[in-house]
Amino acid sequence: MTLMSSILNTQFIQFGMVGFGGMLLDFFVTWLCKEKLIINKYLSNTLGFCIAVSNNFLLNRYWTFNEVVQNMSIQFSKFAMVSVSGLIINNILLFLLVKYVKGNFYVTKFAVICLVFLWNYFINLSFTFK
């Protein structure tokens, strides 16, 4: 499957919809923890990410990829490994861009999420939900 056909398929769109909902959840939890609970912004980012990942796994398993044949705990472990690698990429890029570009934290977070989204889709497609 070529990159363009992968992007134009229904699964990619559904993954994007799930991801968008997860991004909203991630942003809300990050904002709540950082602004209202006064938790460190990187820990807040991690908490938002983890809650969104759990939500996204279930939606992607049952709706996007309809892949329920695999053992759920094994599949979640794979999804979690991809997500944790995405989190590492997310936090490194977020840290570097906030420190050196000095942009708005939330605008930078949005840009980083878009990059990590592509990573997550293609790795999950070929590894987690194949």
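The values are calculated or read from the model by the stated rules, or taken from the named source; none is laboratory data. As the structure is a computational prediction, the values presented were derived from the model and not from experiment. Glycine also receives a Cβ, built like all others from the backbone with ideal geometry; neighbour counts cover every protein chain displayed. Keep in mind that these areas ignore ligands, DNA and RNA; they rest on the heavy atoms of the full protein, side chains included. Shrake-Rupley method; radii C 1.70, N 1.55, O 1.52, S 1.80 Å.
Numbers at a glance
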{"quantity": "Where N is the number of residues in the chain, Cα Rg divided by 2.2 N^0.38 Å", "calculated": "1.07"}
{"quantity": "Solvent-accessible ranking of M72, M23, M17, largest area first, probe 1.4 Å", "calculated": "M17, M72, M23"}
{"quantity": "Where trypsin sites (Lys or Arg not before Pro) fall in DSSP loop in the stretch 20-106, at most 13 other Cβ within 10 Å", "calculated": "K102"}
{"quantity": "Average accessible surface area per residue within the chain, 1.4 Å rolling probe, Å²", "calculated": "56"}
{"quantity": "The stretch 56-130 - Rg (one decimal) and Dmax (whole number), Cα, Å", "calculated": "14.4, 46"}
{"quantity": "Carbon + sulfur, % of accessible area of the chain - ligands and nucleic acids excluded, 1.4 Å", "calculated": "75"}
{"quantity": "Pair N104, W119: separation of 7 Å Cα→Cβ label points (nm)", "calculated": "2.4"}
